[in-house]
Amino acid sequence: MFNKVLIANRGEIAVRILRACRELGMQTVAVYSEADRHALHVRYADEAYLLGGAQSRDSYLRGDKIIEIARKCGAGAIHPGYGFLAERADFAQACQDAGLAFIGPRPSAIAAMGDKAVARATVTRAGVPVVPGTEGEGSLRDDELLQLAPQIGFPLLIKATAGGGGKGMREVRFLEEMPGLLNAARREAEASFGDGNVYLEKLVEGARHIEIQILADEHGNVVHLGERECSLQRRHQKLLEESPSPFVGENEELRQRMGEVAVRAAQAVHYVNAGTIEFLVDKDKNFYFLEMNTRLQVEHPVTELVTGLDIVKEQIRIARGRHLRYQQSDVRMNGWAIECRINAEDPYNNFLPSTGRISHSILPTGPGVRVDTGVFPGFEISPYYDSLISKLIVWGETRAEAILRMRRALEEYKIVGVRTNIPFHQNLMDSHRFMGGQFDTRFVEERFSMDAPEEGRGSRPEIAAIFATLVAHRETQLAAHVIRRGERDTSNWKWLSRWERLQR
Amino acid sequence: MFNKVLIANRGEIAVRILRACRELGMQTVAVYSEADRHALHVRYADEAYLLGGAQSRDSYLRGDKIIEIARKCGAGAIHPGYGFLAERADFAQACQDAGLAFIGPRPSAIAAMGDKAVARATVTRAGVPVVPGTEGEGSLRDDELLQLAPQIGFPLLIKATAGGGGKGMREVRFLEEMPGLLNAARREAEASFGDGNVYLEKLVEGARHIEIQILADEHGNVVHLGERECSLQRRHQKLLEESPSPFVGENEELRQRMGEVAVRAAQAVHYVNAGTIEFLVDKDKNFYFLEMNTRLQVEHPVTELVTGLDIVKEQIRIARGRHLRYQQSDVRMNGWAIECRINAEDPYNNFLPSTGRISHSILPTGPGVRVDTGVFPGFEISPYYDSLISKLIVWGETRAEAILRMRRALEEYKIVGVRTNIPFHQNLMDSHRFMGGQFDTRFVEERFSMDAPEEGRGSRPEIAAIFATLVAHRETQLAAHVIRRGERDTSNWKWLSRWERLQR
Amino acid sequence: MKYVTTIGEREFLVEIVDDNTVIVDGVTFLVDFDSAGSQPVYSMLVDGRSYEAYVYPAEDSLQVLLHGTLYTANVEDEREKRLRASAGSRVAERGEYYLKAPMPGLVVTVPVKEGQAVERGDVLLILESMKMQNELKSPRAGKVGRVRVKPGDSVEQRQTLLSVV
Amino acid sequence: MKYVTTIGEREFLVEIVDDNTVIVDGVTFLVDFDSAGSQPVYSMLVDGRSYEAYVYPAEDSLQVLLHGTLYTANVEDEREKRLRASAGSRVAERGEYYLKAPMPGLVVTVPVKEGQAVERGDVLLILESMKMQNELKSPRAGKVGRVRVKPGDSVEQRQTLLSVV
């Protein structure tokens, strides 16, 4: 039985997993790239080993090196987190071959679900409904895909076979733009997952993205932990998740039906460990299997807060061969949880990523607030990895309480050094459609704007004018002061004190 | 019905109350002293008004000014927090006279319970057992107290009649030292509460300090929210609290019996709002009423984490005249919570308070961790107020999980700029007696040492030696570098760059 | 000291009387203004109301991020304002616009050519950074000037990529 | 560079070979040492093990706070150590001890008088700060020298209060 775990990841999820290991009394091993020497996961781990250069392909994607380190330092298990090597069946297999426990599903399940086309075929056989798309072989050539596209119908989606998280995904409105978009999607998929294969899928309009978390042990027990609402996305990147879904709401029958279908999908590939079945749900509450994420999800905390379970600890227990501690009837959802993904990107400038050193930060704290992060004041947000700075998660007795709590937490959260999407979330929390639970996967892109706050939000231009004028006034005064001294070289204050000494 | 609340306090508790108000959609008003212009409670409130100088008597104890501000700005209620004016019946009365809701009990209940001697007499009549002490009139003179002391027996405690939190408390071992200690206790009581009256109480040896949280509405409903274990104290200051108590543990019958007695004590004074009944519990599980705190306690969060209730929100609902939303049978304790009080004091130097500017901080975050704090990087810890920087609170499914989680949270928590008692808590978490739940109110002072870590804790002198040597080496190198240049005036780096420019 | 501060269509006449007094359009406010621990975060009490904002310097303006709303403010002192007024209308959107890399990254595509006419909002360049493909758009209509980079180039933050004339 | 570093009763011979190599008592360690964002917090990897510590300068020593344990370390370079050894035994606890205020506060009592003999641990002065009465104790036996403050005095941090000869 393993007692030392290597975490093959970085950022907030590496810290999250480290904490779970530590709280189970396990030794922890971090791996890091040259850009991450000062990252929290390196600082918090018991051991830390350098993988290589900042680029993922030189570090966090180097499965061979990671396995070598695990063997050398005596780690008995590897937790892959999400992204990087998390859904690579070959890596899971290599771990197994090296005698290391892979904290995740068996390689065969990753392979079956990882190839989205195979996944769809498999779950269809198990009686799970799927969205129309290019089933069968996953590695179709561009000419084949272009031929199949009109049969599926437009609009459709190009999706990365190995992918997830919106990477390598493109929306196609008509055939003519498809070759260029195929190119772009394959390039992004290659860069993100080392696999440029893509497939096509019908775009269900007005759809909601709702997913079911499942846990499965090695002894054939599978439970689901209810749903997560993930419809708030931009460019197919999730921005905000909640549990329960306001769309499922009090409809316990729908929740259980989706849960049962999810369990069936997991069983179809003899799934073990934590996983997520993503569904598209249309206005009439028909739901379609979208894909299975055979790993821990970014948004797992919302499920933790409403079920009271620690999913990462459950993952480790399962990997140690334990039986699930819960039957389906023991799983109860209590209250409401919302997660905002805080990204280093500027919502006022086309959501462009923002890099730089975090010079100052005030975290929201207090009752019902959880922050999962890998950054701290002094940490450099580099362009090498994704822009997720932290996850701000709140719990409330009701959805209304959770929203009010999220509002105050967002207002409290201060990050200086990079621009963040906190104002985006603040606007979202004030949006009447969000409050009413009236949104689909296109809401953010098509019906939400940062420029026109809805009525009811206090617009305060005169206060902003005072702020701006006082800041400008201060700078003018300071500049005038310095120019009067006739000196601008070297630091002003240093120079002034030196100048004053000379006058004595 | 009020919709704007003035918070007559500072620090973490002012922030805590502000958050509750904001999450209930209420307007918030902060008051502050000249030392607190940049405090979080001023920054987070909707409105903020200056009270006066840094000394409490010029600011946070100025009930008259606070009421005037509340009237002027249209606040309908005042929340007093803990300390300062929280247990002053005259202040509660003045609020009432000014037409302001006082978020706390009625003045009569504060008066009855606030004078510890009257309190003891009252609860005795209600059939609640009390510790032997000077009952009846609270304002005895020194000569009277000296006369009564031998009847109670030594060791005994001098306690402030108006007090709480260990302020104005002294332990007396024999009669001869009593006059001096009376003097000191009265002086401290006067400084802390503006009231120098004291009383005597038998010191129950080997006792545990266990308290029951109650909630009472204006309609006669009273529920208790289980117990808190508060035996870990130093100089009668609580340092760590947990809920449930490991001493009560699985003994549901004892818990319910203490709860019922607490409810009876509250009913004896027609108590309304949140309050706490403190008990001393001896080895044989006999329990004695110690005092009632007629206010929110510092340690209320541990009860919140195990019951899922938000005590401050309940206080506000009660003050708005609502019925309690829960009956006794609805209150369930789930899991285990521990709170460590993080104080600005040096555990390696006689716990002396430490003042200074917090230049850097990393908060522990992630699952099951809550931090309640009023400080942030850039904030100055001044000598004017108490040394509580923050409360670190964790929840776990079991006590063992909570301890492991607290350990990792303490290790993660970094505060630069002042010394803190974090190492004290780390040592406590590693102590076998703490882990085994084997401690009483004297444990910290008599059987715990920072100097002799228990076996099992990894002592790492060679690692410490490498750290020290590398830091010393760096400094030597830097100093040598500068001296070689023959210049020490002005900033080294500024100077060097200037020097280099001149050489070109 | 008197300033004219413009936010959107609105002009505010702001007079700074002393450290604690500001007159806005004839109304006097009691203010207490200070950096809140770390620039660019500022705390301000205005007649008792507590506000906190980020104030970022931008080209020729200040961006004020207040309670989740971004205001772009132009602050001019009264004298400047009068000078400018006498010199004619507001400065036209003229001159060359230089598209600079907002972050380090890899040039993926340059979908425009030198001399090509572009509209406001047209994509000028796609830059890969933080595992995302980021579209850099033209802030105004014009003609593409010199293109200084090509697909595959690594670029530094603030490096000039191309211009719009 | 060779140093002799003393912690409690133990002496470590620490040789700093280069930025990544340290030899302690003849055993070579691969180290990666750096400030962790903010002094005095340092991060160090030693043969892959990750440590974090506060290193505070104190009088003639460094205090290393590592995993909840405080180590007081004396670092001398080898040459200094040899010089000191040839000069005789360790420096005796001699000379005047100045009691300085560890924080700003109010003097409550001075329970000792000038010339009075005191033992190690005796209370020299009670200082009120942060609503607590703090006892300042003598670090060693001796006689009380000049007392520079009296009850009721407000004192600044580091102000000298009295001395023990």
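What is the distance in Å between the Cα centres of the range B:176-219 and the range D:113-165?
28
Using the alpha-carbon centroid of each, what span in Å lies between the range C:1-52 and the range D:20-64?
48
If you take every residue apart from A:Leu182 with its C-beta less than 9 Å away from the C-beta of A:Leu182, what net charge results, scoring Lys and Arg +1 and Asp and Glu -1?
Residues close to A:Leu182 contribute a combined charge of +1.
For the range B:4-90, what does the equivalent ellipsoid look like in terms of its semi-axes, each the square root of 5 times an eigenvalue of the Cα gyration tensor, given largest first in whole Å?
Calculated on Cα positions only, the semi-axes equal 17, 14, 12 Å.
Please report how far the C-alpha centroid of the range B:1-57 lies from that of the range A:230-288, rounded to the nearest whole angstrom.
43
Tell me the angle of helix A:461-485 to the major Cα principal axis of chain A, expressed in degrees between 0 and 90 and rounded to the nearest ten.
50
From Cα pairs below 8 angstrom and at least 6 apart in sequence, can you work out the relative contact order of the range A:4-90, rounded to a whole percent?
This gives 35 percent for the range A:4-90.
What's the extension gain from B:Gln256 to B:Arg37 if we count 0.36 nm per residue and subtract their Cα-Cα distance?
That pair, B:Gln256 and B:Arg37, stretches by 74.3 nm at full extension.
For a protection proxy built on the mean count of beta-carbon atoms within 10 angstrom, sort A:18-30, C:138-150 highest first, please.
With the highest mean Cβ count within 10 Å placed first, the list reads A:18-30, C:138-150.
Shielding of C:96-102 by partners, i.e. mean partner chain Cβ atoms within 10 Å per residue?
That average works out to 1.
Counting only other chains, what is the mean number of Cβ atoms within 10 angstrom of the Cβ of each residue in peptide B:343-349?
Mean partner shielding for this stretch: 3.
Starting from the Cα gyration tensor of the range A:132-202, multiply each eigenvalue by 5, take the square root, and state the resulting semi-axes largest first in whole Å.
17, 12, 11
Is the shape of chain D best called rounded, prolate or oblate, per the rule: a/c under 1.5 gives rounded, else a/b larger than b/c gives prolate, else oblate, with a ≥ b ≥ c the square roots of the Cα gyration tensor eigenvalues?
oblate
State to the nearest 20 debye the size of the charge dipole of the protein assembly as shown about its Cα centre, where the only charges are +1 on K and R beta carbons and -1 on D and E beta carbons.
Approximately 1860 debye in magnitude.
Estimate the FRET efficiency between D:Thr28 and B:Ser459 by the formula 1/(1 + (r/R0)^6), using the beta-carbon distance for r and 22 Å for R0, to the nearest 0.05.
0.50
Can you tell me, using C-alpha contacts under 8 Å and at least 6 residues apart, the relative contact order of the range B:176-244 as a whole percent?
With pairs under 8 Å counted, the relative contact order is 18 percent.
Given 0.36 nm per residue, what is the gain on full extension from A:Ser108 to A:Asn221 after removing their alpha carbon distance, in nm?
38.9 nm
If you line up the Cα atoms of chain B on their principal axes, what length do they span on each, largest first, in Å?
90, 57, 50
Per residue of B:415-424, how many C-beta atoms from partner chains lie within 10 Å of its own C-beta, taken as a mean?
Mean partner-chain Cβ count within 10 Å for B:415-424: 3.
Taking a ≥ b ≥ c as the square roots of the Cα gyration tensor eigenvalues, with a/c under 1.5 meaning rounded and otherwise prolate when a/b beats b/c, else oblate, which class fits the protein assembly as shown?
The shape class here is rounded.
If I take R0 = 60 Å and measure r between the Cβ atoms of A:Gln267 and B:Gln438 in this structure, what FRET efficiency does the formula 1/(1 + (r/R0)^6) give, to the nearest 0.05?
So, using R0 = 60 Å, E works out to roughly 0.80.
How would the range B:208-447 be classified by its alpha-carbon gyration tensor: rounded, prolate or oblate, with rounded meaning a/c under 1.5 and the a/b versus b/c comparison settling the rest?
It is prolate, given that a/c is not under 1.5 and a/b is the larger ratio.
Explain nothing, just the number: relative contact order of chain A, from Cα pairs under 8 Å at least 6 residues apart, as a whole percent.
Worked out over chain A, it gives 13 percent.
Kindly provide the GluC sites (Glu not before Pro) of the range A:238-291 that DSSP labels as loop, not H, G, I, E or B, and whose Cβ sees at most 15 other Cβ atoms within 10 Å.
Passing both the DSSP loop test and the Cβ count: A:Glu250.
Considering the Cα positions of the range C:2-86, please state its Rg to one decimal place and its Dmax as a whole number of Å.
13.4, 41
For chain B, take the longest principal axis of its alpha carbons; what is the angle in degrees between that and the long axis of helix B:492-503, to the nearest 10 within 0 to 90?
Between helix and principal axis, roughly 20 degrees.
What translational D, rounded to a whole number of µm²/s, comes out for the range B:316-417 from Stokes-Einstein when the hydrodynamic radius is the Kirkwood one over Cα pairs, at 37 °C and 0.692 mPa s?
206
Apply 1/(1 + (r/R0)^6) to the Cβ-Cβ distance of C:Gln157 and B:Arg322, taking R0 = 60 Å, and write down the FRET efficiency to the nearest 0.05.
After rounding to 0.05, the efficiency reads 0.60.
Determine the sum of side-chain charges near B:Ala262: Lys and Arg each +1, Asp and Glu each -1, restricted to other residues whose C-beta is under 13 angstrom from that of B:Ala262.
-1
Values in this text are rule-based calculations from the coordinates and carry no lab data. Remember, it's a predicted structure, so these values are computed and weren't measured experimentally. Heads up, the Cβs are rebuilt from the backbone with ideal geometry, glycines too, and the neighbour counts pull from every protein chain shown.
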